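Peer 1: Could you have a look at this structure, given as structure tokens, before my questions?
The values are calculated or read from the model by the stated rules, or taken from the named source; none is laboratory data. Every value quoted in this text rests on a predicted model; they were computed, and no experiment measured them. Using ideal geometry, Cβ is built from the backbone for each residue, glycine included, and neighbour counts are taken over all protein chains shown. In case anyone asks, the SASA skips ligands and DNA or RNA and just uses the protein heavy atoms, side chains included. Shrake-Rupley method; radii C 1.70, N 1.55, O 1.52, S 1.80 Å.
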Amino acid sequence: MAGLAAGTIAAENGLETLMLRTGQSATAYSSGAIDIIGYPPEGLALKEYLPDTEVPFKTPSDGLRAILTLFPFHPYGIIGFGADDDKVVESVIAHVKESISWLKERLAGSCAALIGGFERNIYPITVLGTTKPTCLIQETMWSETLNANPDNVLIFAGFRGHAEFNALSTTRAYLENQLRTGKPPHKVGHCVLEISPFGKPYNISSIELARHFDHDGSMVDLAAAIKKHVDQLGATHVAIPPVLGIEQALQNKAELQKELGVEVFELVALPPSVPGFRLQRAMDRTFKNAGGTLLIGHQARSAIFKNDMIESVVAQSPRREVTISPKTVILASGKFIGGGLEADENGIRETVLDLMPVTTNLHPAEEVRPVYHTNVFSLSPDGHAVLGAGLAVDMDFRPIDADGVERAKNLFCAGSILAKYNYSLEKSGLGVALSTGLAAGRNAARMAKEVS
Amino acid sequence: MSESDFDVVVIGGGSTGTAVARDCALRGFKTLLLERDDIASATVGTCAGMISSGLKYMDEPEIVDMCSEEVVHLNRIARHIIMKNPILTPILELSDLSTGGNFAAEYSKRAESRDVPPVMFLEPEAALEIEPLLNPDLISSLYFEEYFIDPFRLCLLQALDAQENGAVVKTYCEVIDIVVRDSTVESVTFYNRVTGEIESATTKTIINAGGPWAHKIAAQAGATLDLRLNKGAHVILDRRVVNVGVITKAVDGRMIYLFPHENTTLLGTTALDTWEDPDTLVATHDEIEYLLKSIEWIIPSIREARIIRTMEGVRPLVPTWKVPEGEVTRGYEVIDHESEGVSGLVSFTGGKLVTCRHMAEAATDLISQKLGVESKCTTHELPLPGMESDVDVLSIAKEYDISQHALERLRARRGTQIMEILDLVKEHSNWRTTICTCEPVIEAEIRYSIRNEFPQTLNDLRRRVRLGTGPCQGTFCTYKAAAILADELDLTGEDYLVDILDFRAERWKGIRPPMRGPQLAQEEVAQGLYACVGNLDQIETEYDPKPWEEVG
Amino acid sequence: MTEEEAFEFVKNTLKEERITPYHKNEIEIVHSVEGCINCGLCINHCPVVAAVGVDRFTGPRSIAVELSRSPPEFWSTADKIYLCTGCGTCREVCPKNVNVPEVVNLVRARIFEHRPDLVPKGLHMVREIIVEHNLAFEPWEDPEEKVESRDVRLERLDIPYTEDIIKKNAEVLFYPGCQAEERAQEVREAAKVVLNYFDVDYTLLDDMSCCGLPSALMGDDETSQRLAGLLKEKVAGLGVKKVVTTCAGCTSNISDISLQDQWSIPVYHMVEYLAEEVGLDRLKQALGSSKEFSEVTVTVHDPCHLIRHTSRRTMQDAIEILKVISGVKVAISEAEDSCCGGGGLVAYHSKDVADSVVQENLISIDKTGAERLVAPCPLCTAQIEANLFKSGSSVEVDDLMVFIAQRLPKK
């Protein structure tokens, strides 16, 4: 997401933009939901510091304010570094808000069209029956009315032989939560549908269901299969795993709703999900439509530095090597999944340009043992500090060394290669990627224009 | 005799306890097996599974004889869960060559009976062709063959066979008191962790097979037991990084090994005396480094291999003190506490996986004598469940439309029992679905196991079907298997989520200590699933912290 | 027992245990697989999974994380491992660069060694031909018939015949590959026309032999290594400075073996050679002003062995070349993760799978509205042409070399 956002904005600014990519990014990995900020970093007990702020954050702006107050070096904080002291908060909020609008506009009408907005966090239901705070979600994945009426009846519909979603367990987990909180719906049921894209009711993957539903006429069978359960239970809402299609999901949702006369929405699935696939595809198209060139299968391996500038970047394809000489470079190589960072028992390193990585506390991370930056609990609000390691940057998102000096004047970075945020626990992943990507992309574009 | 009245109560569901329960049941004693956790959940669950011929203990010929004979017995009763382990011992220094020669002579004496060749010597070029990762400076290599057994399946099959023969097997039942009256045991009281109730059983004989907790169990009867607890760590590497097993000298002159095992490689072990609660132990950085450093001499590229986790276990050694661990006998002792005024209580110290059946035979002989019954041991003759005949994987793969590899893995775990699982598929077509993609494990096996092998948690399922033991360590199967467990056991939504958290915690216990390399990316993925999307890091549940978490 | 006898004994035990030790040059491939995080992104993109479902072909993720973990069990993967077309999409989308296409070959090599009975029969038939003739296709029995077939094709396509040039110390070896040598002879001839037109100092082999890729794909390592050695000898004997081929598979394979066996000369696909060495300016001069051909909208097929095994830049080159040809409009197909299904020798034993894989392409090709499809690979061309024809499509198919040769001014 960071690279695509940066590349797209650079291309939109009239620059000749080349994206080198090997492997797909966190975008494809994601659930497709664009989280801005849901929880404070590092399991901080916010009550002590900001007693009036509710956790999880009710709105992205609550969250951003809290972060800017307590964690000024969080990537969101860096966005505001250039602003006057009294305008930092407002400038960050304005940037994030604008980033959201930018993305919504670009994806409008695409297979990953979004709803939601900066004014609030929303709580979609996951395939585990839990809910999570996020900001934007694909239009197919949200029901505005679900929690509105105490008489609502929700039915979770799964598919036989599709192990990625178990309707019964989800129903139980979700229902117990609703009963605990007292929020509607209070009546929740489940059903299992028999849809087999290849004629066998076993080993069915999400992607093959989605491809199956992209075919014309596939909604007829699906609607018929759901209908009897809806009637039986008197359901007002149907939740299904996010497999309603890759290109056709929105049309399919509309068609189902028409056929069934109830609201239908997709759940948030564990990655890598079909909505993540849609988002990746839509973002790739956005980049290409903006005039960018995507060079897939090429891994940036190293760069040649001259004075305080990167002169060229060397990239490797399976059996060829290319050297590219750009005016500016944006590094959006991700964290451990993306391969931007690697670690052994002696320390963490940045893989492409051998930049200096830092810990989540902004200390040099070249000689830290990863295990000491993990938590004894696998899953807790404290998270694992090692996942907050990355690069430290200046106010323009240029990576800096131990003395605070930029490694190169024309090198910028964005996304999860940045230090001091842990997207999994904060629920801030694609939001930071988007916001920092746009910021770094604009900075790089500005510089490229100045150079020429 | 009432339902809570038993001839024998066996405490401890490890390799020895389950072997004793099986032997007692086969000899017709009314037997109760009590295990505070799950079958094979402690010492035996952290071993490599090698049923060694006793090669490390060449100066104890009678133990070597015993081990060697037990290998023959195990091959007779459990062939379906046994694999051959060809081993190279590369020699880098001349001085090690003569030690190797002595070992070769002693080993080779007993080789034929085990159906393995005598120790052979290979030229360096030959050894390097077999194992290109070896240090090219080697001057010679010993080659010999040993066997592996699936230690989890062995214990479980012993327990199931005991059950089949009338024994009552109760897991998650922790003994909290042993009542002794007139210097004779009368009953045991235990806490059932599944039901939350306190239960008791009367008996005149108790076999204490509590492993590293045996001294605590003895104390509940007012008896004393000295044990030398010694911990050992394994590093588990992804896939088979070596073609054959490699044994070499560690930094301190002990022997360590690198064994390809199933679809992983095991590097072990350390040996350190310990006084910690075994439940809280995890591998330390020093132990991991000891193993890597030691093997690095002989496999210089070992650090490039992916470490997926570590495991730490505790050996309940015979209490010989003031000698190095390696000099403590690998034999065992059966201790009759009658001499100290607790009649009816018998405890074990020492022992090894390979001798578990032998230990059971000795203890059961003693019980027979105490109960005044004449009985004959048959545990070395009667096969364990699943060994009836060979399984033709290729033809059943066609017949049932299941991948050959999934069935081959299933066969290796279960032998002919595979047919009972496939019967389920006939009825439930969709249970062919792969749940754990690393091993792989299909839904039918999980359902079968839940219905027939009394697992209570995903971790119990892991021991039975190898769920979540691959490189992803349950990242992608935990939530799927949890849903099946919840369905079969009719659990609440809360329990379903807690089961996910519990299994994550248990996997993380082993993943965390060696955390580095690709496992960091793997953990980022796992956090992506369960924290970022599932929100399980933030929502409140009734999760109970684990012993190692409380001290960590 | 002597050490030699001991070694024989041990080798025999390993054979019984079905273990073939990894060779030194395989260790890097195996090591790459350790990067797999089991995420399954590859499954979302695998064209075979898309075509037949994850139950029939468990996909690259399962090859990485399940099927390739334990050599003693490799035999049991035979129902899945031969369905991989080797397109390389998985490796490309994988954030860890797990080298699934190569690990597939490595597993197949072990099945070939230990359980030849489990290797699909169709592959054994190809193997016999290769072993006997050093070519992937049975050569023509009657050389005159071969000439006749060539001439019929050339006449139909209006491509002139030029004499073969075979000489020492030429700048370039033109290596047509088995398909263009024995079947699609027009591609071989078209390439010669192009090379002649641009005055390239080239030679052919006096005795064409296979580069060894098909043998590697079926797991016959011995033959593939023998063929690679043979080709190296021939190339060295001719004293050429570059190798140019018109086949996508040959491009990636010869690039590979030339590196491994230290040929020390570069290997190009013809599109790379034209774009880099001849240059777009000369191409434009030659192709940019002809009025002879009517306007045509052309779409391209991206051969897997070029875009995913060599470099995606090769197809950028191909498109640049097409764009300089007068009257040609290029319409890019939207097919993502496309594969013609012809790879990995899948069509030799599971034709239904190969044909399902190509379907996705056919739909996208039709959607472009192009009248003609060109592909810089005679194998892809044949596979797509046959399937387009079967589907009743009106789109015509050409190898890119034929398309270019036709449009060059007569010299």
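Peer 1: Being touching a Cys at 6+ places or on another chain (Cβ under 8 Å) and part of a loop (DSSP other than H, G, I, E, B) is the filter here; which residues of segment B:338-385 pass it?
Peer 2: Result: B:K352, single match.
Peer 1: Oh, and also: Every residue in segment A:101-121 that is over 28 Å from A:N289 (Cβ atoms) and surrounded by fewer than 18 Cβ atoms within 10 Å (Cβ to Cβ), please.
Peer 2: The answer is A:E119, A:R120.
Peer 1: Also: Does segment C:366-387 hold any residues that are at pLDDT below 90 and open to solvent by less than 10 Å² (accessible area, probe 1.4 Å), and which are they?
Peer 2: Once the filter is applied, which keeps residues that are at pLDDT below 90 and open to solvent by less than 10 Å² (accessible area, probe 1.4 Å), segment C:366-387 yields nothing.
Peer 1: B:D423 is checked against (1) under 20 Å from C:V54 (Cα atoms); (2) open to solvent by 20 Å² or more (accessible area, probe 1.4 Å) and fails just one. What number does that condition carry?
Peer 2: Here B:D423 meets the rest and fails (1).
Peer 1: Another question about this same structure. Please give the helices (runs of 4 or more DSSP H) falling wholly within segment B:428-532 in which 3 or more residues are among the small types (G, A, S) and at pLDDT 95 or above.
Peer 2: B:478-489, B:493-511
Peer 1: Let me ask something else. Which residue is nearest to the other protein chains (Cβ to nearest Cβ), if the candidates are limited to segment C:2-35 and must be among the charged types (D, E, K, R), outside any helix (DSSP H, G or I) and open to solvent by 30 Å² or more (accessible area, probe 1.4 Å)?
Peer 2: C:E17
Peer 1: Okay, next question. Looking at segment B:330-344, is at least one residue crowded, with 17+ Cβ neighbours inside 10 Å and farther than 26 Å from B:R27 by Cα?
Peer 2: Yes, because at least one residue in segment B:330-344 is crowded, with 17+ Cβ neighbours inside 10 Å and farther than 26 Å from B:R27 by Cα.
Peer 1: Only helices (runs of 4 or more DSSP H) wholly contained in segment C:78-139 count here; list those with 3 or more residues that are of a type in the set (A, V, I, L, M, F, W, C) and surrounded by fewer than 22 Cβ atoms within 10 Å (Cβ to Cβ).
Peer 2: Those helices (runs of 4 or more DSSP H) span C:121-133.
Peer 1: Sort out which residues of segment A:14-72 are in a loop (DSSP other than H, G, I, E, B), within 12 Å of another protein chain (Cβ to nearest Cβ), among the β-branched types (V, I, T) and within 21 Å of A:G388 (Cβ to Cβ), and write them in order of number.
Peer 2: So in segment A:14-72, the residues in a loop (DSSP other than H, G, I, E, B) come out as A:14-17, A:22-25, A:30-33, A:35-40, A:44-45, A:50-59, A:71-72.
Those still in the list that are within 12 Å of another protein chain (Cβ to nearest Cβ) too: A:22-25, A:30-33, A:35, A:38-40, A:55-57.
Adding the requirement that they be among the β-branched types (V, I, T) leaves A:22, A:55.
A:V55, the sole residue that qualifies.
Peer 1: Could you figure out which of (1) touching a Gly at 6+ places or on another chain (Cβ under 8 Å); (2) within 11 Å of another protein chain (Cβ to nearest Cβ) isn't true of B:L394?
Peer 2: (1)
Peer 1: Follow-up question, since we're still on this one. Please tell me if A:R172 is surrounded by fewer than 20 Cβ atoms within 10 Å (Cβ to Cβ) and within 12 Å of chain B (Cβ to nearest Cβ).
Peer 2: no
Peer 1: Give the residue, chosen from A:A269, A:A254, A:A282, that is within 22 Å of A:L209 (Cα to Cα), touching a Ser or Thr at 6+ places or on another chain (Cβ under 7 Å) and either within 14 Å of chain B (Cβ to nearest Cβ) or open to solvent by 50 Å² or more (accessible area, probe 1.4 Å) (or both).
Peer 2: Sole residue among the options that is within 22 Å of A:L209 (Cα to Cα), touching a Ser or Thr at 6+ places or on another chain (Cβ under 7 Å) and either within 14 Å of chain B (Cβ to nearest Cβ) or open to solvent by 50 Å² or more (accessible area, probe 1.4 Å) (or both): A:A269.
Peer 1: Suppose we keep only residues that are away from chain A (no Cβ under 14 Å), in contact with an Asp or Glu (Cβ under 8 Å, 6 or more places away or on another chain) and not aliphatic (A, V, I, L, M) within segment C:283-327. Which one would you say is surrounded by the fewest Cβ atoms within 10 Å (Cβ to Cβ)? Give the steps one after another, and end with the answer.
Peer 2: So the first thing to find is which residues in segment C:283-327 are away from chain A (no Cβ under 14 Å), and the list is C:283-301, C:318, C:321-327.
Right, trim to in contact with an Asp or Glu (Cβ under 8 Å, 6 or more places away or on another chain) and you get C:296-298, C:327.
Checking the rest, the ones that are also not aliphatic (A, V, I, L, M) come to C:297, C:327.
Numbers: C:T297: 14, C:G327: 16.
So the residue we want is C:T297.
Peer 1: Inspect segment B:60-68 for any residue being surrounded by fewer than 23 Cβ atoms within 10 Å (Cβ to Cβ) and within 16 Å of the chain's Cα centre (by Cα) and give the result as yes or no. Lay out the reasoning, then the answer.
Peer 2: Going residue by residue through segment B:60-68, those that are surrounded by fewer than 23 Cβ atoms within 10 Å (Cβ to Cβ) are B:60-66, B:68.
If we keep only those that are within 16 Å of the chain's Cα centre (by Cα) too, we end up with none.
No, segment B:60-68 has no match at all.
Peer 1: State which residue is nearest to C:S68 (Cα to Cα) when the search covers only segment B:404-420 and only residues that are within 12 Å of chain C (Cβ to nearest Cβ) and open to solvent by less than 20 Å² (accessible area, probe 1.4 Å).
Peer 2: B:H405
Peer 1: Do you know which residues across segment A:137-169 are small (G, A, S), in contact with an Asp or Glu (Cβ under 8 Å, 6 or more places away or on another chain), assigned to a loop (DSSP other than H, G, I, E, B) and buried (at least 22 other Cβ atoms within 10 Å of the Cβ)?
Peer 2: The one that is small (G, A, S), in contact with an Asp or Glu (Cβ under 8 Å, 6 or more places away or on another chain), assigned to a loop (DSSP other than H, G, I, E, B) and buried (at least 22 other Cβ atoms within 10 Å of the Cβ): A:A163.
Peer 1: Could you list, in sequence order, the residues of segment B:203-230 that are touching a residue at least 60 places away in the same chain (Cβ under 8 Å) and open to solvent by 30 Å² or more (accessible area, probe 1.4 Å)?
Peer 2: B:K204, B:W213, B:G222, B:T224, B:D226
Peer 1: Any residue at all in segment C:370-388 that's assigned to a helix (DSSP H, G or I), over 22 Å from the mean Cα position of the chain (by Cα) and touching a residue at least 40 places away in the same chain (Cβ under 8 Å)? Steps first, answer last, please.
Peer 2: Let us first name the residues in segment C:370-388 that are assigned to a helix (DSSP H, G or I), namely C:378-388.
Checking which are over 22 Å from the mean Cα position of the chain (by Cα) leaves us with none.
Scanning segment C:370-388, I find no residue that is assigned to a helix (DSSP H, G or I), over 22 Å from the mean Cα position of the chain (by Cα) and touching a residue at least 40 places away in the same chain (Cβ under 8 Å), so the answer is no.
Peer 1: While we're looking at this one, here's another question. Being among the charged types (D, E, K, R), open to solvent by 30 Å² or more (accessible area, probe 1.4 Å), farther than 30 Å from C:I81 by Cα and touching a residue at least 60 places away in the same chain (Cβ under 8 Å): is that true of C:D158 here?
Peer 2: Numbers: among the charged types (D, E, K, R): yes; open to solvent by 30 Å² or more (accessible area, probe 1.4 Å): yes; farther than 30 Å from C:I81 by Cα: yes; touching a residue at least 60 places away in the same chain (Cβ under 8 Å): yes.
Taking the combined requirement at face value, the residue satisfies it.
Matching residues to (1) of a type in the set (K, R); (2) open to solvent by less than 30 Å² (accessible area, probe 1.4 Å); (3) assigned to a strand (DSSP E or B):
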{"site": "A:V376", "(1), (2), (3)": "no, yes, no"}
{"site": "A:M395", "(1), (2), (3)": "no, no, no"}
{"site": "A:D403", "(1), (2), (3)": "no, no, no"}
{"site": "A:S424", "(1), (2), (3)": "no, yes, no"}
{"site": "A:L430", "(1), (2), (3)": "no, yes, no"}
{"site": "A:A433", "(1), (2), (3)": "no, yes, no"}
{"site": "A:G437", "(1), (2), (3)": "no, yes, no"}
{"site": "A:A444", "(1), (2), (3)": "no, yes, no"}
{"site": "A:K449", "(1), (2), (3)": "yes, no, no"}
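Peer 1: Does segment B:497-543 hold any residues that are out of contact with any Phe, Trp or Tyr (no Cβ under 7 Å at 6 or more places or on another chain), more than 7 Å from every other protein chain (Cβ to nearest Cβ), in contact (Cβ under 8 Å) with a residue 24 or more places away in the chain and open to solvent by 20 Å² or more (accessible area, probe 1.4 Å), and which are they?
Peer 2: Across segment B:497-543, the qualifying residues are B:D502, B:E506, B:T541, B:E542, B:Y543.
Peer 1: Just to be sure, is A:V352 in a loop (DSSP other than H, G, I, E, B), free of Cβ contacts under 8 Å to residues at least 60 places away in the same chain, in contact with a strand residue (DSSP E or B) (Cβ under 8 Å, 6 or more places away or on another chain) and β-branched (V, I, T)?
Peer 2: In short, yes.
Peer 1: Then there is this: Checking C:V52 against (1) within 25 Å of the chain's Cα centre (by Cα); (2) open to solvent by less than 10 Å² (accessible area, probe 1.4 Å); (3) within 14 Å of chain A (Cβ to nearest Cβ), only one condition comes out false. Which one?
Peer 2: Unmet condition: (2).
Peer 1: I would also like to ask the following. I'd like the full set of residues that are part of a helix (DSSP H, G or I), open to solvent by less than 50 Å² (accessible area, probe 1.4 Å) and either of a type in the set (D, E) or under 24 Å from A:A392 (Cβ atoms) (or both), limited to segment A:77-100.
Peer 2: Those that are part of a helix (DSSP H, G or I), open to solvent by less than 50 Å² (accessible area, probe 1.4 Å) and either of a type in the set (D, E) or under 24 Å from A:A392 (Cβ atoms) (or both): A:G77, A:I78, A:I79, A:V88, A:V89, A:S91, A:V92, A:I93, A:H95, A:V96, A:S99.
Peer 1: Please specify each residue of segment A:175-193 satisfying the condition of being within 12 Å of chain B (Cβ to nearest Cβ) and either under 18 Å from A:F159 (Cβ atoms) or of a type in the set (A, V, I, L, M, F, W, C) (or both).
Peer 2: We begin by selecting, within segment A:175-193, every residue within 12 Å of chain B (Cβ to nearest Cβ); these are A:175-181, A:188, A:190, A:192-193.
Those that are within 12 Å of chain B (Cβ to nearest Cβ) and either under 18 Å from A:F159 (Cβ atoms) or of a type in the set (A, V, I, L, M, F, W, C) (or both): A:L175, A:L179, A:V188, A:H190, A:V192, A:L193.
Peer 1: Hey, another quick one. Can we say A:E367 is in contact with a strand residue (DSSP E or B) (Cβ under 8 Å, 6 or more places away or on another chain) and within 14 Å of chain B (Cβ to nearest Cβ)?
Peer 2: On the way: in contact with a strand residue (DSSP E or B) (Cβ under 8 Å, 6 or more places away or on another chain): yes; within 14 Å of chain B (Cβ to nearest Cβ): yes.
Answer is yes for this residue.
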